[in-house]
Every structure is written in structure tokens, then in C-alpha cells.
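So the structure is just underneath, and the comments pick up after that.
Each value in this text was obtained by applying a stated rule to the coordinates, not by laboratory testing. Just so it is clear, the model here is predicted, and its values are computed rather than measured. All Cβ positions, glycine included, derive from the backbone under ideal geometry; neighbour counts span all protein chains shown.
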Amino acid sequence: MRRPVIILLAALALSSCRISYSFSGTSIQPDVNSITINYIEYRALRVNPSLSNDLTEAIRNQFRRMTRLEQVDQDGDMELSGEITGYDVTAAAVTADEVAARNKLTVTVKISFSDKKHPEEDFDKSFSAYAEYDSTNTLDAVEGALCQEIIEKLVEDIFNASVAQW
């Protein structure tokens with residue numbers, strides 16, 4: 001007799017929660033139905049002509065795969081916009097001869113996220129990710145693979161900060 005009462009109380013308690021959780025790890029309020037993901041502008045000094053488009057599409061794909069949100073061109077309940085502010089190569093490891101043995105490509109993105117129905121979730125934040133490569137390779141030779149690895153990291157961080165709230 002006590003077991004059904006406990007189960008009923010637990011079900012009532014869980015159904016009264018205002019945040020909708022899913023198996024994808026998102027926590028989107030039930031009254032939020034759409035998102036506008038604007039083109040990520042390129043503002044870094046060093047030029048990579050495809051990075052803005054690749055990053056924008058990767059973010060859109062992640063939201064398409066992992067949320068129930070409809071993507072709209074404007075006036076979404078949520079809005080995400082940003083710009084690539086850094087695209088830099090630095091030495092990651094130096095040999096005894098003071099020569100770079102490994103280099104590191106770092107991409108920095110400034111993201112603005114707003115939730116029109118729940119403005120307490122809004123943020124302006126910078127995200128950064130990097131990938132290392134052997135200095136015997138030129139950046140041109142490894143840039144595509146490095147950027148793909150970096151984009152995956154950035155998309156995960158941006159997604160988690162905006163709708164997974166990790």
C-alpha cells in the first residue's frame with residue numbers, strides 16, 4: 001500500500017519541475033521552442049576563409065541533432081551569435097636547440113547567447129580550443145584536420161554552456 005503512494009508522490013514531484021531534461025543532456029525550458037543561430041563572423045587577423053562557415057554549420061547541426069528546437073532565421077526564443085576573434089599559431093614544445101618541436105593552433109570565439117523567455121540564462125563568453133601538430137609539417141598541410149578537431153571541441157563547449165548548462 002505504501003509503495004504506490006510513494007511512486008505517485010515521486011511522479012507528481014517530477015512532473016512539477018519547470019525544466020525539461022532530455023537524454024541528450026539538454027535542459028531547455030518547456031516554453032522555449034525555437035532558436036536563431038546567426039552566422040559566426042570572422043574577425044581574427046590571420047585568415048582562414050572557411051572557418052566561419054564550418055563552425056556555424058557545425059553549431060547548427062549540433063542543435064538540430066541534440067535538441068527539439070526549431071531553427072528559425074530570426075526572432076527565435078533563443079539566439080546565438082558570435083565572432084571568431086583569434087586564430088593563432090604558437091610553439092607548444094621547444095627542443096634543446098630552442099626550435100619548436102610542436103606547434104599549437106588555437107581558435108578563440110566570442111559567443112553571445114540570449115534566451116528571450118528566460119533572460120537569466122543569457123551570456124557573453126569567450127571559448128577557446130586548440131590542436132597541436134608536429135613542426136615538421138606546415139600549417140597548410142594539417143590545417144583542415146586541425147580545424148575540424150578544434151571545431152568539435154568548440155561546438156561541444158558552446159552547446160554545453162547554452163542548453164546543457166554544464
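When you restrict to C-alpha pairs under 8 Å that are six or more residues apart and normalise by the size of region 32-164, the relative contact order lands at 23 percent.
Once the gyration tensor of the Cα atoms in region 32-164 is diagonalised, the equivalent ellipsoid follows with semi-axes of 33, 13, 12 Å, ordered largest first. The number of Lys pairs in region 32-164 with C-alpha atoms less than 20 Å apart, excluding pairs fewer than 8 positions apart on the same chain, is 6.
Each label was represented as a point 7 Å from its Cα along the Cα-to-Cβ direction; for Leu139 and Glu41 these points are 2.2 nm apart. Each listed q (0.12, 0.18, 0.22 Å⁻¹) maps to a log10 I(q)/I(0) for region 74-141, found by the Debye formula over equal Cα scatterers with no solvent: -0.49, -0.73, -0.89. Distance from a point 7 Å along Cα→Cβ of Ser50 to each backbone N in region 122-166: keep the residues under 16 Å and list them by number. What the label zone holds, given the 16 Å backbone N cut-off, is 139-152. Take the Cα of Val89, step 7 Å toward its Cβ, do the same at Ala101, and the gap between the two points is 2.0 nm.
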